[in-house]
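The values are calculated or read from the model by the stated rules, or taken from the named source; none is laboratory data. In this text the structure is predicted, and so the values were computed from the model without any measurement. Backbone-built Cβ (ideal geometry, glycine too); neighbour counts: all protein chains shown. Keep in mind that these areas ignore ligands, DNA and RNA; they rest on the heavy atoms of the full protein, side chains included. Shrake-Rupley method; radii C 1.70, N 1.55, O 1.52, S 1.80 Å.
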Amino acid sequence: MPMRPETALIHAGELRPRIEGAVNLPVFQSSTFEVTRDGDYHDIRYARLSNTPNHTVLCAKLAAIEAAEAALVTGSGMAAISATLLSLLGQGDHLIAHRTLYGGTHDLITRDLTRLGIEHTFVDADDPDSWGRALRPSTRLFYVETFTNPLLEVVDLAGVAAFCRERGLVSVIDNTLATPVNFRPVEHGFDLVVHSASKYLNGHSDIVAGVVVGSAARVRGAKHKLDHLGGSLDAHACFLLHRGLKTLALRVRHQNGSALRVASFLEEHPAVAHVNYPGLESHPRHERSLAWFPGHGGLFSFELVGGLPSAERLFSRVRLPTHAPSLGGPETLMTRPAITSHAGLPPDERRRLGISDALVRLSVGLEATEDLIEDLDRALLP
Ligand code: PLP
């Protein structure tokens with residue numbers, strides 16, 4: 001039976017009949033499982049092979065909510081990204097990627113993949129002319145993020161998917177910031193979707209986890225790579241992610257609305273120089289974001305008049321936002337990407353990309369929006 005996302009989050013993939021009638025799938029705290037029939041190595045049930053009941057039920061739910069054939073859960077978002085890229089690329093291959101990416105992904109591409117003989121070209125994923133120039137006979141894939149972290153750009157996603165289809169490249173997208181509530185990339189022609197499930201999918205800031213979704217064959221490729229790299233998610237973390245997912249739609253819709261109100265408040269505030277949020281009319285791709293997404297997500301970034309000293313003053317004066325990296329949890333988190341998520345980039349590269357030392361990133365949580373606005377207003381008083 002086809003299910004709407006809210007229903008799929010609760011019912012998709014669940015075992016019927018329920019085990020001993022338990023409404024929630026129990027944690028199968030067993031690393032290995034009895035062999036009941038002959039098969040090959042990948043049929044053996046073993047926690048590292050991501051195929052215990054906690055994995056398979058969770059993966060069926062994730063595939064359903066991303067409108068994909070198959071899903072894989074991993075020990076972190078970086079495990080999902082590294083297993084995916086290593087399953088598709090080898091020595092001598094080349095990839096194209098948008099120039100601003102989550103810092104860990106940027107480091108993986110520029111440092112680790114380069115050492116393995118895998119080359120890259122960073123492009124502006126909003127400028128199709130630059131894609132053609134980057135193309136080589138060895139190009140295998142194109143990597144983008146739905147809303148880029150931390151500048152919240154909305155690049156030409158439809159164009160990237162079509163470009164890849166026409167040229168036989170694999171399109172890979174990090175959908176962490178949008179979540180399947182705001183965007184389902186497979187429906188828009190993307191081949192593989194990765195997530196840091198540590199963020200909105202789990203939504204409680206209490207585990208690190210990752211997800212890969214796509215066709216059964218491509219997800220199987222990423223799984224075999226993950227099996228060898230050893231990046232599986234443990235059963236208890238599967239249970240927590242499974243539980244967190246059930247409230248995803250409610251949480252993300254609240255965060256979409258709350259972030260829009262807080263970002264609008266800040267944009268009007270005399271102490272604020274500018275705000276990067278696709279929900280604001282001032283965003284260069286606001287119309288595109290309105291057309292593609294039912295909400296613009298719970299994360300935005302901004303700079304204050306007075307630069308870094310003003311940002312440091314804000315951090316010392318707010319009471320509700322916690323000064324911490326990461327995003328997508330119930331509590332509002334505030335960070336400076338230059339010293340956290342993007343600290344690995346050389347400073348001049350960071351500045352060239354528009355990630356200044358003074359840039360503040362706010363992940364809006366589930367608090368009452370009015371309380372967040374009042375707290376920021378008080379902290380911004382001269
Ligand atoms: N992708 C994005 C957009 C992220 O923000 C992060 C982490 O901040 C990651 C991937 C990496 O995820 P993890 O920390 O779960 O490995």
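Please specify each residue of the stretch 86-112 satisfying the condition of being under 12 Å from residue 219 (Cα atoms) and touching a Leu at 6+ places or on another chain (Cβ under 7 Å).
Listed by number, the list holds a single entry, 88.
Restricting the search to the stretch 168-221, which residues are polar (S, T, N, Q) and away from the ligand (no atom under 15 Å from the Cβ)? Lay out the reasoning, then the answer.
If we filter the stretch 168-221 for residues that are polar (S, T, N, Q), which is where we start, we get 171, 175-176, 179, 182, 196, 198, 202, 205, 215.
Passing the criteria: 171, 215.
Does residue 236 satisfy being open to solvent by 40 Å² or more (accessible area, probe 1.4 Å) and over 27 Å from residue 363 (Cα atoms)?
On the way: open to solvent by 40 Å² or more (accessible area, probe 1.4 Å): yes; over 27 Å from residue 363 (Cα atoms): no.
When the stated conditions are applied, residue 236 does not pass them.
Under the condition of being open to solvent by 20 Å² or more (accessible area, probe 1.4 Å), of a type outside the set (A, V, I, L, M) and assigned to a loop (DSSP other than H, G, I, E, B), which residue from the stretch 323-340 is farthest from residue 197 (Cα to Cα)?
The extreme case among them is 336.
So, of the residues in the stretch 64-110 that are of a type in the set (A, V, I, L, M), in a loop (DSSP other than H, G, I, E, B) and surrounded by fewer than 24 Cβ atoms within 10 Å (Cβ to Cβ), which turns out to be farthest from the ligand (Cβ to nearest atom)?
Residue satisfying both the conditions and the ranking: 67.
Out of the residues in the stretch 135-152 that are assigned to a loop (DSSP other than H, G, I, E, B) and crowded, with 23+ Cβ neighbours inside 10 Å, which is nearest to the ligand (Cβ to nearest atom)?
149
Any idea which residue in the stretch 285-312 is surrounded by the fewest Cβ atoms within 10 Å (Cβ to Cβ), counting only those that are within 14 Å of residue 271 (Cα to Cα) and touching a residue at least 40 places away in the same chain (Cβ under 8 Å)?
Looking at the filtered set, the residue picked out is 307.
Kindly indicate whether residue 114 is in a helix (DSSP H, G or I) and either within 16 Å of the ligand (Cβ to nearest atom) or surrounded by 17 or more Cβ atoms within 10 Å (Cβ to Cβ) (or both).
In short, no.
How many of the residues in the stretch 345-382 are surrounded by 14 or more Cβ atoms within 10 Å (Cβ to Cβ) and assigned to a loop (DSSP other than H, G, I, E, B)?
So the answer is 12.
In the stretch 21-50, which residue that is under 24 Å from residue 248 (Cβ atoms) and in contact with a helix residue (DSSP H, G or I) (Cβ under 8 Å, 6 or more places away or on another chain) is nearest to the ligand (Cβ to nearest atom)?
Among those residues, the one meeting the criterion is 50.
Any residue at all in the stretch 121-134 that is open to solvent by less than 60 Å² (accessible area, probe 1.4 Å), within 19 Å of residue 218 (Cβ to Cβ), away from the ligand (no atom under 16 Å from the Cβ) and outside any strand (DSSP E or B)?
no
Of the residues 243, 251, 261, which is under 18 Å from residue 371 (Cα atoms), touching a residue at least 40 places away in the same chain (Cβ under 8 Å) and under 19 Å from the mean Cα position of the chain (by Cα)?
251
May I ask you to say which residue of 181, 194, 160 is of a type in the set (A, V, I, L, M), more than 19 Å from residue 61 (Cβ to Cβ) and modelled with pLDDT of 95 or more? Working first, answer last.
Numbers: 181 fails: more than 19 Å from residue 61 (Cβ to Cβ); 194 fails: more than 19 Å from residue 61 (Cβ to Cβ).
That would be 160, the only listed residue that is of a type in the set (A, V, I, L, M), more than 19 Å from residue 61 (Cβ to Cβ) and modelled with pLDDT of 95 or more.
Can you tell me which residues in the stretch 155-184 are over 21 Å from residue 77 (Cα atoms) and either in a loop (DSSP other than H, G, I, E, B) or touching a Lys or Arg at 6+ places or on another chain (Cβ under 8 Å) (or both)?
155, 156, 168, 169
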